[in-house]
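S.K.: Please read through the structure below; I'll follow up with questions.
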Amino acid sequence: MLRSLAFVTALAISLGLACGGGDGDETATIVVIGGEDEGVELRVELARTAGERSRGLMFREELAEDGGMLFVYVEDTEAGFWMKDTLIPLSIAFIAADGTILDVQDMEPLSEDTHRPPQPYRYGLEVNQGWFQEHGLGRGDRVEIPDSVSGATAGE
């Protein structure tokens, strides 16, 4: 009986981690600020590890209007994004280390087209497609990211 309980517990923990449970559920509030210093808050899930960044928003059927995912890198990167297994139309902002939005691109569901900005970036911010346009935000605007968020998990 004890062995069966240990097996069931181990299986439940493994399934929880494989389905996105565990430390990948960390969130933060960020503020996107336009030219007139009007800020729009977003509650974002953080993707700091290689695994979290790879999984991203795959298999989700919806995303809150004021939600998104912030992909965090330890240093500037040129990594590309695609929408394989992602069901929601998204827009992505590529953000410099100082919070400046370098580029915004729309991405289509299930597409394997690669999206990259014209220069290295530190953060990627995915939101519902059209969110930046609806709020009059884009290239040159800035994102306030809490100090506790900067930098990916060590060793990733």
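S.K.: Mind checking whether some residue in region 67-78 is without any contact (Cβ under 8 Å) to a residue 40 or more places away in the chain and either basic (Lys, Arg) or open to solvent by less than 10 Å² (accessible area, probe 1.4 Å) (or both)?
M.R.: Taking every residue of region 67-78 in turn, none turns out to be without any contact (Cβ under 8 Å) to a residue 40 or more places away in the chain and either basic (Lys, Arg) or open to solvent by less than 10 Å² (accessible area, probe 1.4 Å) (or both).
S.K.: Under 6 Å by Cβ, and 6 or more places apart or on different chains, what pairs join a residue from region 24-38 that is among the acidic types (Asp, Glu) with one that is modelled with pLDDT of 80 or more?
M.R.: Within 6 Å, the pairs are Glu26/Leu46.
S.K.: Same structure again: Can you confirm whether region 84-96 contains a residue that is in a loop (DSSP other than H, G, I, E, B), open to solvent by less than 30 Å² (accessible area, probe 1.4 Å), in contact with a Gly (Cβ under 9 Å, 6 or more places away or on another chain) and farther than 20 Å from Val40 by Cα?
M.R.: Taking every residue of region 84-96 in turn, at least one turns out to be in a loop (DSSP other than H, G, I, E, B), open to solvent by less than 30 Å² (accessible area, probe 1.4 Å), in contact with a Gly (Cβ under 9 Å, 6 or more places away or on another chain) and farther than 20 Å from Val40 by Cα.
S.K.: Also: If a residue has to be closer than 15 Å to Ile30 by Cβ, modelled with pLDDT under 95 and open to solvent by 80 Å² or more (accessible area, probe 1.4 Å) to count, how many in region 136-156 make the cut?
M.R.: 2
S.K.: Next question. Is region 111-133 home to any residue that is open to solvent by 50 Å² or more (accessible area, probe 1.4 Å), touching a strand residue (DSSP E or B) at 6+ places or on another chain (Cβ under 6 Å) and in contact (Cβ under 8 Å) with a residue 60 or more places away in the chain?
M.R.: No, every residue in region 111-133 fails to be open to solvent by 50 Å² or more (accessible area, probe 1.4 Å), touching a strand residue (DSSP E or B) at 6+ places or on another chain (Cβ under 6 Å) and in contact (Cβ under 8 Å) with a residue 60 or more places away in the chain.
S.K.: Could you tell me whether region 66-79 includes any residue that is out of contact with any strand residue (DSSP E or B) (no Cβ under 6 Å at 6 or more places or on another chain), not in a loop (DSSP other than H, G, I, E, B) and not aliphatic (A, V, I, L, M)?
M.R.: Yes, region 66-79 contains a residue that is out of contact with any strand residue (DSSP E or B) (no Cβ under 6 Å at 6 or more places or on another chain), not in a loop (DSSP other than H, G, I, E, B) and not aliphatic (A, V, I, L, M).
S.K.: Going through Glu36, Glu62 one at a time, which residue ends up being modelled with pLDDT under 95, farther than 23 Å from Ser148 by Cα and charged (D, E, K, R)?
M.R.: Matching residue, one of Glu36, Glu62: Glu36.
S.K.: Right, something else. What's the number of the only condition in (1) under 11 Å from the mean Cα position of the chain (by Cα); (2) of a type in the set (Gly, Ala, Ser); (3) surrounded by fewer than 20 Cβ atoms within 10 Å (Cβ to Cβ) that Ala64 fails to meet?
M.R.: With respect to (1) under 11 Å from the mean Cα position of the chain (by Cα); (2) of a type in the set (Gly, Ala, Ser); (3) surrounded by fewer than 20 Cβ atoms within 10 Å (Cβ to Cβ), Ala64 is out only on (1).
S.K.: Do we find that Asp103 is surrounded by 12 or more Cβ atoms within 10 Å (Cβ to Cβ), within 20 Å of Gly35 (Cβ to Cβ) and either charged (D, E, K, R) or under 14 Å from the mean Cα position of the chain (by Cα) (or both) in this structure?
M.R.: Answer is yes for this residue.
S.K.: Which residues, counting only those in region 41-55, are open to solvent by 10 Å² or more (accessible area, probe 1.4 Å) and touching a strand residue (DSSP E or B) at 6+ places or on another chain (Cβ under 8 Å)? Break it down stepwise before answering.
M.R.: Here is the first cut: in region 41-55, the residues open to solvent by 10 Å² or more (accessible area, probe 1.4 Å) are 41, 43, 45, 48-55.
Hits for region 41-55 are Glu41, Arg43, Glu45, Arg48, Glu52, Arg53, Arg55.
S.K.: Continuing with this model, one more query. With the requirement that a residue be open to solvent by 20 Å² or more (accessible area, probe 1.4 Å) and at pLDDT 95 or above, what does region 13-33 give you?
M.R.: Passing the criteria: Thr27, Thr29, Val31.
S.K.: Return the residue satisfying two criteria in turn: it lies in region 45-65 and is in contact with a helix residue (DSSP H, G or I) (Cβ under 9 Å, 6 or more places away or on another chain) and part of a loop (DSSP other than H, G, I, E, B), and of such residues it is farthest from Arg139 (Cα to Cα).
M.R.: Filtering first and then ranking leaves Thr49.
The values are calculated or read from the model by the stated rules, or taken from the named source; none is laboratory data. If you're wondering where the values come from, they're calculated on a predicted model, not measured in any experiment. Quick reminder, even Gly has a Cβ in these numbers, built from the backbone with ideal geometry, and neighbours come from all protein chains shown. To get the accessible areas, we keep the full protein, side chains included, count just its heavy atoms, and leave off ligands, DNA and RNA. Shrake-Rupley method; radii C 1.70, N 1.55, O 1.52, S 1.80 Å.
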